[in-house]
Every structure is written in structure tokens, then in C-alpha cells.
Amino acid sequence: MNVSNRTGAEPAPWVVIKFGGTSVSTRPRWENIARIAAAHRVQGRKVLIVVSALSGVTDLLKRIAESGSDELAARGAQAEILRRHEAMLGELQATSRETIDALFAQLDRLVADPGRVSGALEWQAQVFALGELMSSTLGAAFLGAQGLPTQWLDAREHLVAQPLANQSAWSRMLSATVPAAPDAGFERALAARGEAFITQGFIARDPEGRTVLLGRGGSDTSAGCFGAMLRAQCVEIWTDVPGMFSANPRLVPGARLLAQLDYQEAQEIATTGAKVLHPRSLGPLRRAGVPLVIKDTNRPQLAGTLIRAVASDAAPCVKAISARKGVTLISMETVGMWQQVGFLADVFAAFKHHGLSVDLIGSAETNVTVSLDPSENLVNSDVLSALAADLAKVCRVKVIAPCAAITLVGRGMRSLLHRLSGVLAEFGALDVHLISQSSNNLNLTFVVDESLADDLIPRLHALLIRADALRAEDGAIFGPSWRELEAAGAPPPPAAWWREQRAALLDLAAQQSPRYVYDLATVREKARALRALGCVDRWHYALKANAHPAILRALHEEGFAFECVSLAEVEALRAILPTLAPERILFTPNFAPRGEYVAALEAGVRVTFDALHPLRHWGELLRDREIHLRVDLGVGRGHHDKVKTGGATSKFGVSLDEVEEFRALARHAGARIVGLHAHLGSGILDADHWRSVYAQLASLAESFTHIESIDVGGGLGVPARPDEQPLNLAALGRVLDEVKQAYPQFALWMEPGRFLVAEAGVLLARVTQTKRKGHVHYVGIDAGMNSLLRPALYDAWHEIVNLDRLDEAPAQMVQVVGPICESGDVLGSNRRLPECREGDVILIAQAGAYGAAMASRYNLREPASEIVL
Ligand code: ASP
Ligand code: MG
């Protein structure tokens with residue numbers, strides 16, 4: 001990584017390396033610090049090490065600071081602090097303990113001080129400062145003993161906080177601001193003294209020379225200040241995570257490491273909840289143009305997150321979703337506010353008076369609601385009731401707490417709004433207290449009850465990826481997921497078959513293009529994986545996904561029955577498999593004409609009805625027939641609105657409130673209902689879905705007399721984007737086993753389509769032309785939406801590679817488009833491909849399902865042909 005930003009010809013550059021609490025709490029960690037510092041020294045850099053207190057020590061000091069009249073509690077915490085540092089002294093085998101003993105004595109004096117009972121702010125700052133003073137003292141001794149002479153600096157001699165206008169006394173002392181800027185004099189003075197230093201994070205002095213703090217987590221800010229003052233080559237924040245993520249990885253294991261961010265985006269993410277970096281650390285670095293890298297102490301080989309000025313060439317995109325908890329909302333209601341001069345001035349004067357800085361603001365005709373961020377304010381009940389009392393003079397006040405502010409962060413947020421409908425729909429179902437869109441166009445925030453946040457974040461993260469708002473597949477911005485990083489060392493998933501068949505595929509493409517190529521081995525492998533589940537009594541292949549004869553034959557050999565949705569499908573199937581028993585064909589039409597039912601029933605095919613009309617009007621066809629009933633369970637599921645097949649707005653199935661009438665009509669016609677069926681949609685990756693479908697159908701079936709089989713549909717998803725997790729088949733087996741045991745009297749049927757064939761097919765096409773318009777690059781190929789409709793119809797995402805240049809690094813971000821006269825003829829947008837040339841073979845993966853099956857002759861262009869490998 002080249003992070004050099006220096007223009008001047010100054011000698012030995014500086015690097016500031018900051019280590020957080022866990023990174024300074026054991027001897028191996030200190031050995032690690034010594035290694036990192038030594039590596040910089042070897043590169044000729046001067047090093048300033050900034051350290052936090054040992055992990056947990058600031059919290060212990062807080063117990064002392066807040067002990068009030070409880071001296072016992074204070075003494076207990078003090079003893080624990082001593083024990084922790086004694087243990088570290090032993091581990092580090094430090095020889096001299098003079099300085100640390102002086103700090104212990106200081107702590108003892110402070111605990112005895114009357115300031116403790118009153119909790120005087122000045123006294124608190126001195127107490128808190130001891131954590132970093134102690135850790136840096138231990139560190140200096142250890143590094144010296146390791147042959148890395150490191151001078152100890154008192155950060156308070158160099159970082160001077162400036163009080164801000166209207167700042168509360170609390171934040172002036174405990175959450176102070178240091179306006180750090182490049183300081184050549186300081187740099188020269190330090191350079192004259194030596195080449196390696198260690199100092200404390202978190203602490204500074206005020207203009208009167210008193211010790212002040214930079215707010216919890218403020219050691220990052222110290223590193224930022226020193227980095228700016230020294231105009232360092234780089235500031236490295238060494239911590240226990242690999243960088244910033246697209247969401248809190250503890251809630252979202254699929255959250256992606258953010259490989260690079262510009263200062264503003266990183267600032268928003270830090271401000272809106274990510275704990276990995278203190279929000280105030282970036283300002284000084286941005287102004288001084290010093291880059292910052294977040295690195296993982298345990299995995300130094302990972303690149304981490306690089307934050308600097310250059311914006312990447314990426315399209316506007318959501319980079320992260322963050323949440324801040326502990327937010328307090330103040331809602332102020334007045335009947336007369338509308339256009340009343342000075343109302344807002346009066347209201348905000350009260351906040352100013354109480355030293356509270358307001359974060360978000362929302363206003364309506366008679367209401368203004370603002371939020372108070374706990375990290376910027378001391379928000380306790382005393383402060384709030386004093387504020388409320390003042391506000392009550394001008395309006396009706398309501399305090400809503402605790403809330404969570406959920407923020408989408410990304411440059412160009414306003415241009416993304418059209419992609420956010422799914423996200424907005426999630427919020428639509430909740431009580432949202434406040435919505436705010438930042439004027440810098442970098443964030444969109446929703447304030448909801450705090451208890452909702454943890455469930456919401458994973459859902460929103462998945463929706464953002466699906467909506468292409470968070471372009472997780474862009475490797476220049478998004479690194480590996482947390483889950484992948486945790487699994488590092490585990491064997492990688494097997495490569496797709498087409499990588500191994502590259503040479504054969506290139507030959508096929510040279511003969512003819514565009515063309516679909518199918519790999520039957522993959523079809524059989526999927527079929528066997530499903531049959532191995534055991535608990536399903538009959539598998540049907542939904543042949544609408546791909547009716548290629550070779551695939552039908554292979555699945556027949558694998559023991560699959562078939563599900564058809566048109567008479568033409570039934571006829572094609574019977575022509576290809578003449579020996580297939582008609583009762584192994586399940587015909588599930590929707591709004592088909594009468595004739596199709598007549599023909600199917602006469603052929604002895606099993607027919608599923610999904611409306612009352614056929615029974616009401618064509619009842620004479622059904623005398624003594626066995627029929628199946630498709631029910632609508634009232635909800636749809638799936639990867640896109642257009643594939644949801646449940647709920648009143650979808651045209652499929654008999655709604656639950658009409659099931660009784662359906663039974664009466666069947667009885668009247670003399671038909672027996674022997675099977676119940678439901679299919680809620682496609683692309684479902686969560687095994688639990690089929691548990692609930694089965695359970696609902698089975699309990700419904702118990703009220704019928706002749707039900708033999710329950711068909712829980714298909715919809716088994718195939719992960720498309722690199723971040724999606726495959727459907728867990730073992731889990732599917734477990735849930736089906738479980739429900740099956742509860743209802744052993746029914747045969748369990750399923751009817752997957754896509755699952756069996758999607759990955760078995762690829763679409764090969766050749767580059768026709770390339771083009772640039774403005775900053776948008778196009779790669780044209782000879783296959784369009786008439787060959788593969790899914791991207792245009794469902795916003796489906798298919799992996800796209802240049803098969804001729806598989807090993808070349810991506811060169812630019814392109815739109816992969818076809819030759820059809822439609823703006824929607826885009827097969828993949830914002831893909832990073834190597835430089836493409838005319839004639840190159842492009843491969844579109846996972847095209848085995850609903851590819852050729854949905855093709856058309858639109859524009860009178862022949863769609864891609866099909867061939868089996
Ligand atoms: N030790 C301080 C804290 O825990 C500062 C820091 O670690 O960044 O808040
Ligand atoms: Mg921290």
C-alpha cells in the first residue's frame with residue numbers, strides 16, 4: 001500500500017501507531033507492538049506510539065470517579081487496578097518500578113481526596129488520566145528492555161484543548177476538543193530529541209494547564225492530533241478488529257470489511273455508531289491530509305480499512321448501516337408554532353443553556369423533534385428534567401427514550417433513494433419517530449425504539465445488498481465478510497465447474513455465440529443432495545425452469561417426478577419420457593383454459609386446482625376424480641416482488657377463507673381432494689420457511705378426510721451474490737423431519753426447479769463493442785435480455801466474468817449490455833472486469849434456470865442456443 005502524501009522534501013517521515021486497550025494488555029501484545037515499531041524504524045520512519053489504558057482499566061477508574069459516598073466501592077476498584085498492573089509488571093519483567101509506584105501513590109491520594117465524594121470534574125479527569133499514564137509507563141520500560149529505546153512523552157505537554165462556545169463544563173473537562181494542526185516547530189523539536197516515542201491517548205491539558213480528557217475512546221483522537229501535528233506519513237490504529245465494516249459484525253456476520261473510505265464517509269460511519277474509531281480522530285487528519293489505516297493486531301497481514309482523501313471511482317453506494325443506541329428524543333409540541341417568529345430560537349436557547357448539543361432535527365407543523373446523542377452529551381435525568389422544565393414554558397415536551405438512530409451511510413445518498421423501497425418498506429411497518437437526511441448527502445437516519453434495532457440491522461443489510469444499494473460485489477470497496485475472515489484457514493468452497501471447463505467452453509463459444517451450456521453432472525449432484533434428505537417422499541422437478549430434454553432425462557434417472565404448468569409442458573415431457581407414468585406428473589396450471597384441464601385429466605395426470613371457477617363451472621369433468629388444491633397461505637416470500645406467489649396481490653391459489661367453499665364445490669362435483677399444496681415464492685435461503693408452510697398445510701389437512709400428500713412447493717434458493725449463504729440443506733432436512741414426525745400420515749412432496757439447474761448452466765456471449773459515455777463504460781455483448789431476461793425482470797444478479805481473461809486483474813467498472821433496443825437491456829451493472837476487447841468471451845454464471853426457458857425473439861433476434869457439455 002502506498003500511503004505517501006508528502007510533497008515537501010523533509011527527512012525521516014513520521015508514523016503514529018496507536019494501540020487500544022486489548023492491544024496493550026498482555027506481554028505477547030507488547031512484543032507485537034515492539035515488532036511493528038521496529039519494522040517502521042527499519043524503513044527509516046520515526047515512530048510515535050500512542051496507547052490506551054489496559055483493557056477494562058478506564059471502566060474501573062470510572063467506578064472510582066462515580067463512587068460518591070461509597071468509599072468501599074472506590075477502594076475495591078483501586079485494588080483491582082493495582083492487581084492488573086502488578087500482574088503486567090510481572091509479565092513484562094520490568095526491572096524498575098519507580099515511576100509506576102509514583103502513579104499508584106497518586107491514585108491512592110486521589111481516592112482519599114474529598115473531590116471523590118463531590119465527583120468534581122477536575123478531580124475526575126485526573127483519576128481517568130492515570131490509566132493511560134500507567135500503561136504508557138509500562139510500555140516505555142518494556143520497549144527499552146527489548147532494545148528499542150523509546151522516550152516517554154507526557155501528551156498533556158503537547159495537546160492543548162480549546163473550550164468551545166457554550167460547551168458544558170462536563171464536556172470541557174471530560175470530552176474536550178483539541179484543534180490540532182500541522183506544527184513544524186513541534187515536529188522539529190521532537191525530531192531533535194529522538195526517533196521513537198511513546199505517549200498516552202485520551203488525555204490533554206486545557207489552557208489553564210489542567211488535565212482534561214478527550215471523551216471515551218478518545219485515544220484515537222490523540223493519535224489523530226499527533227498525526228496531524230507531525231504531518232505523519234500515516235496514522236495506524238491497531239485494534240482487535242480488521243477495520244470498519246458495512247454493519248456491526250456481531251449482528252451481521254455477512255457484514256463486509258470496508259477496504260477504503262474517504263474521510264467524510266468514514267467520519268459518518270464513526271459518528272453514527274461504529275465503535276472502531278472515535279469520530280473526533282478524523283477531523284485533524286482530514287485537514288492535514290494525513291491518511292489513516294485501521295489494522296488488526298491479531299491479523300497484521302490483513303490490509304484493514306484505509307481512509308484518505310481520494311474518492312474511488314465507484315458509483316454512489318451505501319457503504320454501511322450503523323446504529324447508535326441510547327439516543328434520547330425530545331419532542332416539542334405547540335399548537336401555535338406554525339410560522340411563529342422565534343419559536344425555534346426559544347427552544348434551542350434552552351438546549352444551549354443546558355450545554356446540550358442537538359444531533360438530528362425533524363419538524364412538522366406543530367412539532368419539532370430533536371435527538372441528543374449520548375456520546376456528545378451528558379444526558380442524565382437531572383439534565384433532562386431541568387431542560388424539560390425550561391422547555392415547558394414554550395411548548396409541550398415529551399422525552400422519548402431509549403431510542404436507536406439507524407443510519408445508512410454513503411456518498412450520494414439522494415441519488416440512491418429510488419433503490420431503497422425495500423428498506424423503506426421495513427421501516428413502514430414500524431413506528432419511526434424521526435427521519436433525517438443529512439444536508440451533506442452522506443446519510444439517511446431513522447430513529448426507532450432501541451429494542452427494535454438489533455433485529456432490524458441484519459434485515460436491512462440484506463435488503464440493501466439485494467437492492468444493489470450496497471454494492472457488496474465491488475471488491476475495490478468491500479473486502480471479505482466478517483464470516484469469511486472468521487473462517488479463514490477453513491478449506492475454500494469448491495470452484496464452479498465452469499472454471500475447470502474453461503478451455504472446452506472457449507471452444508464452444510468460438511463455434512457459436514451466444515449459447516447456453518449445461519453441465520449434467522451438476523444437475524445430478526444437486527438432485528442427489530436433495531434425495532439424500534430422505535424425509536421427502538416425492539421430489540418433482542418444476543420443469544418450467546429448464547425443459548431441455550437431456551436435463552429431463554437425467555432427473556428422471558435420478559428418481560424425480562415432474563411438475564408442469566401448461567399442457568404443452570405435459571406433452572413435451574411425455575414425448576421425451578414416453579414410459580413415464582402419468583401419475584408422476586403434477587399439473588399445476590393457473591388461469592389455464594378449460595381444454596387443458598380436460599386433456600390432462602384424460603391423460604391421467606394429477607391436476608392441482610387453484611381457483612373456485614373450474615369447480616363451479618366445469619364440475620362435470622371432476623366426477624370420481626382425485627384432485628389437489630393449491631392454497632394461498634396469505635403471504636408471499638422470495639428474492640423479488642415479481643416472484644412472490646402468495647398473498648392477495650398474487651394471482652395464485654385459493655385463499656384460506658375460500659377453502660370451505662372449494663370443499664363444498666368438490667363434494668358437489670363428486671371429486672376427492674387428496675393433496676394440499678402451497679408455494680409462496682422463489683429464492684428462499686432460510687430452511688425454516690418450509691417448516692412453517694408444512695405446519696400450516698398439515699394442520700389444515702387434518703380437517704379434510706382424504707388428504708394423502710402435502711406439497712410444500714419449491715423456492716429453494718441458490719445464492720447469487722458472493723455474500724449470500726447457500727441454503728443449509730442439513731437444516732432443511734432437520735425441519736422437514738421434525739414436521740414430518742408430527743404428521744406422519746401425510747406424504748411430503750416438494751417441487752424444486754431453480755435449485756436443480758441454476759448452477760448447471762452458463763450463458764456464453766462475445767464482446768461486440770465497447771463504449772464510454774461520460775464516466776460510464778459499456779461492454780456490449782451479443783446476448784441480450786431476449787436470451788437472459790432475469791436481470792431486467794427481477795433485477796437478478798448473475799456473476800459475470802471475461803472467460804478469456806479470467807486471471808487478469810479488474811481494470812474498470814463497466815455496464816455489461818446486450819444488443820436489444822431497450823434501456824433495460826443490461827445484464828450486469830457496475831461490474832469490475834479486466835479490459836475487454838471485441839471478440840472476448842463473456843460468461844454469465846447461474847444461467848441454467850429461467851434462462852433459455854424465458855428467452856424470446858424480441859427484435860427478431862434469435863436467442864442463445866443450448867448445448868449440453
Ligand atoms: N481508555 C479510554 C477509554 O477506554 C480511551 C481509549 O481507550 O480510547 O475510553
Ligand atoms: Mg477505541
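Derivation of every value follows stated rules applied to the coordinates shown; laboratory data play no part. From a predicted model like this one, the values you see are computed outputs, not experimental measurements. All Cβ positions, even for glycine, are placed from backbone atoms using ideal geometry, and neighbour counts span all protein chains on display.
Spin-label pair Arg499-Asp688: with each label point 7 Å from Cα along the Cα-Cβ axis, the two points sit 3.2 nm from one another. As a proxy for reagent exposure, Lys319, Lys62 were ordered by neighbouring Cβ count within 10 angstrom, fewest first; the result is Lys62, Lys319. Just so you know, the Cα atoms of the stretch 634-709 work out to an Rg and Dmax of 13.7, 41 Å. In terms of overall dimensions, the stretch 543-616 has a Cα radius of gyration and Dmax of 12.3, 40 angstrom. Quick one: grab the alpha carbon gyration tensor of the stretch 237-290, order the square roots of its eigenvalues as a ≥ b ≥ c, and give me rounded if a/c is under 1.5, else prolate or oblate depending on whether a/b is larger than b/c. Here the stretch 237-290 falls in the prolate category.
Does the stretch 367-448 come out rounded, prolate or oblate, given a ≥ b ≥ c as the square roots of the eigenvalues of its C-alpha gyration tensor, rounded meaning a/c under 1.5 and, failing that, prolate meaning a/b above b/c? Here the stretch 367-448 falls in the prolate category.
Looking at the chain, the DSSP beta bridges with both ends there are about 50 percent antiparallel. For the chain, what does -39500 (n - 2.57) per DSSP helix run (n ≥ 4), summed and divided by total residues, give at 222 nm, in deg cm²/dmol to the nearest 500? Mean residue ellipticity at 222 nm (helix-derived): -10000 deg cm²/dmol.
The alpha-carbon of Lys740 sits under 15 angstrom from the alpha-carbons of these aspartates and glutamates, leaving out residues fewer than 8 places away in its chain: Asp537, Asp688, Glu702, Glu708, Asp711.
Farthest toward the positive end of the dipole of the chain, out of Asn590, Ala350, Leu159, is the Cα of Leu159, where the dipole comes from beta carbon charges about the Cα centre.
Farthest towards the positive end of the charge dipole of the chain, among the residues Cys395, Ala765, Ile576, is the Cα of Ala765, using unit charges on the Cβ of Lys, Arg, Asp and Glu. A Förster distance of 51 Å, applied to the separation of the beta-carbon atoms of Arg75 and Gln301, puts the FRET efficiency at 0.70. Projected label points at Trp618 and Asp455, each 7 Å from Cα along the beta carbon direction, are separated by 4.4 nanometres. Give the distance, in whole Å, between the Cα centre of the stretch 660-697 and the Cα centre of the stretch 749-790. Using only Cα atoms, the two centres lie 35 Å from each other.
Subtracting the Cα-Cα distance of Ala730 and Thr649 from 0.36 nm times their residue separation leaves 25.9 nm of extension gain. Give, as ranges by residue number, the residues of the stretch 400-438 whose backbone N falls under 19 Å from the point 7 Å along Cα→Cβ of Asn367. Counting only backbone N, you get 400-406, 427-437. Can you give me the distance in nm between label points at Val868 and Ala568, each placed 7 Å from the Cα along the Cα-to-Cβ direction? Spacing of the two 7 Å Cα→Cβ label points: 2.2 nm. Pairs of C-alpha atoms in the stretch 49-136 farther apart than 16 Å represent 49 percent of all such pairs.
Using every Cα-Cα pair within the stretch 215-259, state what percent have a distance larger than 18 Å. Considering the stretch 215-259, 46 percent of its Cα-Cα pairs are separated by more than 18 Å. Can you classify the stretch 160-291 as rounded, prolate or oblate using the Cα gyration tensor, where a ≥ b ≥ c are the square roots of its eigenvalues, rounded means a/c under 1.5, and otherwise it's prolate if a/b beats b/c and oblate if not? Judged from the Cα gyration tensor, the stretch 160-291 comes out oblate (a/c at least 1.5, b/c at or above a/b).
With a Förster radius of 22 Å applied to the C-beta separation of Arg625 and Arg584, the computed FRET efficiency comes to 0.80. Cβ crowding within 10 Å, taken as a proxy for footprinting-reagent exposure, orders His353, His677 from fewest neighbours to most as His353, His677.
Taking other Cβ atoms within 10 Å as a rough exposure proxy, Asp70, Asp373 sort from fewest to most as Asp70, Asp373.
Where both bridge residues fall in the stretch 777-869, DSSP classifies roughly 65% of the beta bridges as antiparallel.
Seen from Ser655, the other residues with C-beta closer than 12 Å to its C-beta sum to a net charge of -4, counting Lys and Arg as +1 and Asp and Glu as -1. Listed here are the pairs Lys18/Lys352; Lys526/Lys651; Lys642/Lys773; Lys46/Lys295; Lys46/Lys319; which of them are more than 23 Å apart at the Cα? Going by Cα-Cα distance, Lys18/Lys352; Lys526/Lys651; Lys642/Lys773; Lys46/Lys319 fall outside the 23 Å limit.
Counted by Cβ distance under 11 Å from Ala731, the other residues give a net charge of -2, where Lys and Arg count +1 and Asp and Glu count -1. Averaging 1/r over every pair of different alpha carbons in the stretch 571-676 and inverting the result gives a Kirkwood radius of 14.7 Å. For the chain, hydrophobic long helices are taken as DSSP H runs at least 30 Å long by C-alpha position along their axis with mean Kyte-Doolittle hydropathy of 0.0 or more; these are 121-145. For the chain, taking the reciprocal of the average inverse distance between every pair of different Cα atoms yields a Kirkwood hydrodynamic radius of 31.4 Å. Summing Lys and Arg as +1 and Asp and Glu as -1 over all other residues whose Cβ lies under 13 Å from the Cβ of Val318 gives a net charge of +3. Using R0 = 51 Å, the C-beta based FRET efficiency linking Ser357 and Ala487 works out to 0.75. Dipole magnitude for the chain: about 1340 debye, using +1 per Lys or Arg Cβ and -1 per Asp or Glu Cβ, origin at the Cα centre.
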